[in-house]
Amino acid sequence: MKGRIGAILAVCLLLAGCTPLLEREYITVAEHSSKYWEGEAANILRAESYQDLVNDLLLLVGSHTEDALLRLYNYEDDAVVADALEQAAAEVQQQTPMGAYAVEYITTEKQRQRSYYEVSIHIAYRRSTEQILAVVNATSTAALPALLDSAMEAEKTELAVRISYWGSDGQAQVRQMVKEARERWELTEAAPWVVCYYPNPDRAGLVEFLMPRETLTEEEWAVLAAAGELLGGEEEPPEEAAEETSGQGPEEAPETPEEPVKND
């Protein structure tokens with residue numbers, strides 16, 4: 001458990017320099033590090049700064065913990081604490097690879113004590129414990145061809161890979177690797193694969209591959225199309241699905257926009 005959590009946060013440390021939004025350092029911690037855990041009490045963490053707070057949340061996500069208590073020190077103002085909790089929860093869920101991949105939402109409730117704030121944390125997940133534990137670590141996209149082949153050999157239908165370094169052409173590399181993998185496995189006419197990038201394609205730290213093995217129904221096609229980028233197979237939805245969805249969604253903008261109405 002200690003090694004797994006440490007690996008999760010070590011990846012976040014490497015990703016911290018990829019964007020100005022994440023310039024802070026994420027620290028590798030052990031499960032019962034005196035810095036993050038309040039003594040040996042189970043599910044009671046401590047934080048003395050905003051960065052400690054973010055790392056505590058990442059530690060909980062890495063172990064798929066749903067409920068925990070946090071003792072927050074060095075904060076004297078209710079409003080400041082509320083802002084810090086809201087910002088940290090949003091950062092973990094929206095800006096970190098594992099948070100974007102695994103977390104549905106985070107709620108916090110604070111209560112002031114004599115020398116600290118006690119915070120009740122609840123994390124709802126969109127991925128199971130088994131899915132989080134199955135995430136593979138890779139230093140770069142160069143490892144993806146071998147990992148995709150291994151997944152195919154094991155007849156897996158999904159693969160999630162944490163990428164330590166994501167270059168500016170990472171998405172293009174993934175597309176090419178998926179194309180080549182589908183050719184190797186003679187899947188050029190099979191159902192498309194779906195690739196999802198977390199937290200986003202420009203600075204992905206985790207890439208998820210959904211690889212259906214059977215012909216897709218119209219409903220299944222729609223679900224996959226909404227999940228991420230479709231690669232290979234059908235470039236367009238089945239004709240019946242296209243007919244059913246006609247008239248839905250925003251209409252195309254006219255070539256020449258109408259003149260705005262001027263108010264006198």
> Identify, please: which residue in region 88-105 is polar (S, T, N, Q), assigned to a helix (DSSP H, G or I) and touching a residue at least 60 places away in the same chain (Cβ under 8 Å) and is, among those, least open to solvent (accessible area, probe 1.4 Å)?
Replying inline: GLN95
>> Looking at region 67-87, I want the residues that are in contact (Cβ under 8 Å) with a residue 12 or more places away in the chain and in a loop (DSSP other than H, G, I, E, B) and have a partner that is β-branched (Val, Ile, Thr) and surrounded by 14 or more Cβ atoms within 10 Å (Cβ to Cβ) with Cβ atoms under 7 Å, at least 6 apart or on another chain. Which pairs are those?
In response: TYR75/VAL81
>> Any residue that is within 22 Å of GLU208 (Cα to Cα), among the basic types (Lys, Arg) and open to solvent by 50 Å² or more (accessible area, probe 1.4 Å) - is there at least one of those in region 152-159?
In response: yes
> If you go through region 106-126, how many residues are free of Cβ contacts under 8 Å to residues at least 40 places away in the same chain and either under 22 Å from VAL161 (Cα atoms) or among the small types (Gly, Ala, Ser) (or both)?
Replying inline: 1
> Which one is farthest from ALA100 (Cα to Cα), of the residues in region 162-176 that are open to solvent by 30 Å² or more (accessible area, probe 1.4 Å) and not in a loop (DSSP other than H, G, I, E, B)?
Replying inline: GLN176
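Output the residues belonging to region 106-138 that are assigned to a loop (DSSP other than H, G, I, E, B) and surrounded by fewer than 12 Cβ atoms within 10 Å (Cβ to Cβ). Full working, then the answer.
We begin by selecting, within region 106-138, every residue assigned to a loop (DSSP other than H, G, I, E, B); these are 113-116, 126-128, 134-135.
Correct list: GLN113, ARG114, SER115, ARG126, SER128.
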> Just a yes or no: is a residue in region 207-222 free of Cβ contacts under 8 Å to residues at least 40 places away in the same chain, more than 24 Å from GLN131 (Cα to Cα), of a type in the set (Asp, Glu) and open to solvent by 30 Å² or more (accessible area, probe 1.4 Å)?
Replying inline: yes
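The values are calculated or read from the model by the stated rules, or taken from the named source; none is laboratory data. Computed from a predicted structure; not experimentally measured. With ideal geometry, Cβ positions are generated from the backbone for all residues, glycine too; neighbour counts draw on all protein chains shown. We work out accessible area using only protein heavy atoms, side chains counted, and drop any ligands, DNA or RNA first. Shrake-Rupley method; radii C 1.70, N 1.55, O 1.52, S 1.80 Å.
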